[in-house]
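First comes the structure, then the notes that go with it.
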Number of protein chains: 2
Amino acid sequence: MAWNLLVGQSGGPTAVINASLAGVYESAKALGASHVYGMQYGIEGLLEGRLVDLDAQLGDKMAIELLKRTPSSFLGSCRRKLPDPAVNEQPYKQLFALFRQYEIGAVLYTGGNDSMDTIAKLAAYGAAQNSEIRFLGVPKTIDNDLVGTDHTPGYGSAAKYIATILKEVICDASVYDIRSVTVAEIMGRHTGWLAAAASLSAGSDCEGPDIVLLPESVFDTDMFLQRVAELAARRHNVIIAASEGVKDRDGTFLCDLVSTAGQLDAFGHKAVLSGTSRYLADLIRVRLGCKTRAIEFSTLQRCASHLASRTDITEADQVGGAAAEAAFRGETGKMCGIRRISDLPYRTETELVDVAAVANREKAVPLEWITPDGMHLNAAFERYARPLIQAELTPIYINGTPQHIHLKTE
Amino acid sequence: MAWNLLVGQSGGPTAVINASLAGVYESAKALGASHVYGMQYGIEGLLEGRLVDLDAQLGDKMAIELLKRTPSSFLGSCRRKLPDPAVNEQPYKQLFALFRQYEIGAVLYTGGNDSMDTIAKLAAYGAAQNSEIRFLGVPKTIDNDLVGTDHTPGYGSAAKYIATILKEVICDASVYDIRSVTVAEIMGRHTGWLAAAASLSAGSDCEGPDIVLLPESVFDTDMFLQRVAELAARRHNVIIAASEGVKDRDGTFLCDLVSTAGQLDAFGHKAVLSGTSRYLADLIRVRLGCKTRAIEFSTLQRCASHLASRTDITEADQVGGAAAEAAFRGETGKMCGIRRISDLPYRTETELVDVAAVANREKAVPLEWITPDGMHLNAAFERYARPLIQAELTPIYINGTPQHIHLKTE
């Protein structure tokens, strides 16, 4: 069996998904892979036959260093899910023909729970065909919602960005001698891991957010306004970090309460507003008469490689490398997760878990890490998350901005 | 005359206004000032008698290092302008009484053109009273719109942030194999210096924005859409950087075209949308049928000290120190600006200019630095701006986030 390895990236970008690619590439080459191929735009591009030989791209050490410092997906990504092969076998036939053509011995796919579903299906189909190809998943998502791993590569860097930026926003919010409420909107439609990271801005030099709202806790307007009013009575600047996925008792997203108000854009179309922070800022302004401002941390949360966590980069590299090594050992149908050995000193190891047990599932913030009023995190969350944002990998600045590397295509 | 020095910060925050405070403090102490006092919340706080003795705050070198890495205004700020003393002399009497009480020999004020108006008025009033107190201005604004200085401290760091973040957003925008147009909205209501800095994201690893829209050029909808359509026809991702101050031929801000569309918030009030990017994204989506996304860089542009330009920090420190030194030499009614000696190698020196000639004026991006179609910058802008974003000052990370210093008040 020829040892060519095929690697793809899938789902939303992170600051460190390319560090996992670096780990896969370097381990595969060290273990003797003849070629390492990359899928362009994940399984979707692969179905169009879009493969690139990574030896031509990542052959020197400087390329690897730049890759670890480049956000988003070097290979391009997709959100395509494979069908049930019992219903539609065609894409599987096409993919396995490609695997034969390129003499692929192992396929590694980096992504979240949808991507693990792809690996689970390919592994099951391969097994049914008596294929010797190994299929392994490499976890990745800023959302940190994967089961089967203590945390996901990508989360630590997003968390470090959120905590750092919020500290700076808090400095900014206190500049004038006036009362105001700042609402920062943080990504995470279904789970509150990212919003929870706002609490990491607290330290000896910063009190951090006064309120953190997560999708895991039901939003109660009256309790919320009462808490804001209490805070506003005793301090100049009230800081609220809110997940975009905060929901009311009926399960309605607050941002949908905004857009169902029938707003139109300047062209008469229904306005598309990602509005949790705006909703909350308006609520506070109208009901409490406070000066408010809404800030969206937006897409920068997933692409700020200049502020990546070195712990996260290292672990992303490790799970990529360990997945490649597992493929060489003959493992298949597994995801390479992270197991925590201890919080302090922080130590982890990689471990293989059944990818089918990871696919399509979602891990929420444990309710016991949320304060009883549902509006903040407790010390258990900090113990879990603080190690993940430690240390930095200095960007390579050229001409004043961090240098990146991009796929060379003809 | 006792050599106590009083220093204040005014106007909007920047990433390096505190580096100027460090420069003022260290030079004043080195030159023999008995005390250096800080105004809390600028002239507004001073009128309430809010002074702090900075020796208790900045007495050790670690405090100075942290100060240079802390965004926003360490002393707090205000937007108060002093009245014409011929109309209302009362605040002047109050301030000069305070100066006598604290044996102040010099007053230094860091800010933009409104703050220079304050210094000009205090200097004129003092001269009319035969006061020996010296009044000096220290320039500061991310907007870079001050006359009398090659550029303003604060601009280089905002420009570095904008260029870096835009590079990362461009990586993020290219992740899927679909056509899309990204519109990034950048601060600057009256001048386009900050939006122009988006062009600095271009380099060997990044093409930079395809279009840069500034308030200095009239926005023409048809020409703009034609250009976007041309770009979208030949590339997957079109990137547009737009100043929040872009105006149409009638001088109407594009963001006002959004809010005059009669939108209401979820509570039935007129919606407040800072909407230049949203307006443009909607325009492109509706008229060209492209997938679009709008991103606001928002307040982070002025407070991202973790990504400050070392050149900017150094110059902010220098103008602060040189202003203190000028006060000791007996200068008054001056602002300490930056004069450029050469672009390459980049060299500057500080120089004193008449503060009255700076007050209340505004410097726009020269039209000859804008391409003839009004939608990009040329090499002359890069020659001017590129040196300002060079080099970094590593944050002092503690527990995963950059450490700051805050005013200790009882």
Subject >> Exam field: residue B:361 pseudo-label spacings to other copies (7 Å along Cα-Cβ), nanometres >> reply: 6.9
Subject >> Inter-site label distance for residue A:127 and residue A:103 at 7 Å from Cα along Cβ, in nm >> reply: 2.8
Original post:
What list do you get for B:5, A:95, B:367 if you sort them by fewest beta carbons within 10 Å?
Top reply: B:367, A:95, B:5
Original post:
Within 10 Å of each Cβ of B:293-301, how many other protein chain Cβ atoms are there on average?
Top reply: 4
**OP:** Evaluate chain B: find the radius of gyration of its Cα atoms, find its Kirkwood radius, and give the ratio Rg to Rh.
**Re:** 1.01
Subject >> Calculated FRET value between residue A:30 and residue A:346, using beta carbons and R₀ = 30 Å, to 0.05 >> reply: 0.70
Original post:
Where the label is 7 Å out from Cα toward Cβ, how close does residue B:286 come to the same position in every other copy, in nm, shortest first?
Top reply: 2.4
Subject >> Residue exposure sequence - B:236, B:35 - by fewest surrounding Cβ within 10 Å >> reply: B:236, B:35
Subject >> Nearby lysines by direct alpha-carbon distance to residue A:334 (threshold 26 angstrom, same-chain neighbours under 8 apart not counted) >> reply: A:29, A:68, A:81, A:93, A:121, A:140, A:363
**OP:** Please give the calculated 222 nm ellipticity per residue for chain B, where each DSSP H segment of at least 4 residues contributes -39500 (n - 2.57) and the sum is spread over every residue; nearest 500 deg cm²/dmol?
**Re:** -10500 deg cm²/dmol
Subject >> Three-way shape call for the stretch B:128-179 based on the alpha-carbon gyration tensor, with the a/c threshold at 1.5 >> reply: prolate
Original post:
In degrees between 0 and 90, to the nearest 10, how far off the longest principal axis of chain A does helix A:221-234 point, with axes built from Cα atoms?
Top reply: 60
**OP:** With no solvent and one equal point scatterer per Cα, compute the Debye intensity ratio I(q)/I(0) for the stretch B:155-303 at 0.12, 0.14, 0.17 Å⁻¹ and report its log10, rounded to two decimals.
**Re:** -0.48, -0.65, -0.95
Subject >> Spin-label proximity, residue A:391 to the stretch A:18-37 - amide N less than 15 Å from point 7 Å beyond Cα toward beta carbon >> reply: none
Original post:
Looking only at other chains, what is the average number of their beta-carbon atoms within 10 angstrom of each beta-carbon in B:381-393?
Top reply: 2
Subject >> In sequence order, calculated HN-Hα J values of the stretch A:201-206 (Karplus, 6.51, -1.76, 1.60; Hz; x Gly/Pro) >> reply: 6, 6, x, 5, 10, 7
Original post:
What angle do you read, to the nearest 10 degrees and between 0 and 90, between the alpha-carbon axis of helix A:310-329 and the longest principal axis of chain A?
Top reply: 30
Subject >> Selected from A:289, A:352, A:126, residue furthest toward positive end of dipole (chain A; charges at beta carbon) >> reply: A:289
Original post:
Given a Förster radius of 56 Å and the C-beta distance between residue B:379 and residue B:87 as r, what FRET efficiency does 1/(1 + (r/R0)^6) yield to the nearest 0.05?
Top reply: 0.70
**OP:** Determine the distance separating the Cα centre of the stretch A:325-348 from the Cα centre of the stretch B:293-336; give it in Å without decimals.
**Re:** 48
**OP:** Compute the long axis of helix B:276-288 from its Cα atoms, compare it with the longest principal axis of the Cα atoms of chain B, and write down the angle in degrees, 0 to 90, nearest 10.
**Re:** 10
**OP:** List the GluC sites (Glu not before Pro) within the stretch B:353-390 that fall in a DSSP loop (any state other than H, G, I, E or B) and whose Cβ has at most 16 other Cβ atoms within 10 Å.
**Re:** B:362
Subject >> Along principal axes, Cα extents of the stretch A:195-234, largest first, whole Å >> reply: 31, 28, 7
Subject >> With eigenvalues of the C-alpha gyration tensor scaled by 5 and rooted, the stretch A:276-391, Å >> reply: 37, 17, 16
Original post:
Pick from B:22, B:106, B:56: which is most flexible by mean-square fluctuation in a GNM of chain B where alpha carbon atoms under 10 Å apart are linked?
Top reply: B:56
Original post:
Between residue A:184 and residues 5 or more places away or on another chain, which pairs have amide H atoms under 5 Å apart, with H built 1.01 Å from N, and which residues are they?
Top reply: A:240, A:241, A:242, A:295
**OP:** Measure out, as a whole number of angstrom, how far apart the alpha-carbon centroids of the stretch B:98-135 and the stretch A:25-87 sit.
**Re:** 64
Subject >> Under-5 Å amide H pairs with residue B:392, H placed in peptide plane, nonlocal only >> reply: B:310
Original post:
Residues with amide H under 5 Å of residue A:9's amide H, sequence separation 5 or more or different chain, H placed in the peptide plane at 1.01 Å from N; which?
Top reply: A:39, A:42, A:110
Subject >> GNM top mover of A:40, A:390, A:90 - chain A, alpha-carbon springs below 10 Å >> reply: A:90
Subject >> Cα→Cβ-extended label distance, 7 Å offset, between residue A:177 and residue B:48, nm >> reply: 0.4
**OP:** May I ask you to sort B:62, A:39 by Cβ crowding, counting other Cβ atoms within 10 Å and putting the fewest first?
**Re:** B:62, A:39
Subject >> Volume per residue of the C-alpha convex hull in the protein assembly as shown, rounded to whole Å³ >> reply: 166
Original post:
What size of dipole, in debye to the nearest 20, comes out for the stretch A:1-123 about its Cα centre when the only charges are +1 on Lys and Arg C-beta atoms and -1 on Asp and Glu C-beta atoms?
Top reply: 120
Original post:
Using θ = phi - 60° and the Karplus curve 6.51 cos²θ - 1.76 cosθ + 1.60, what whole-Hz ³J(HN,Hα) does each residue of the stretch B:135-143 get, with Gly and Pro shown as x?
Top reply: 10, 10, x, 10, x, 6, 5, 5, 6
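No value in this document is a laboratory result; all are computed from the given coordinates. The structure displayed is predicted, hence computed values, not measured ones. When we count neighbours, we look across all protein chains shown, and the Cβ atoms used for this are built from the backbone with ideal geometry, even at glycine.
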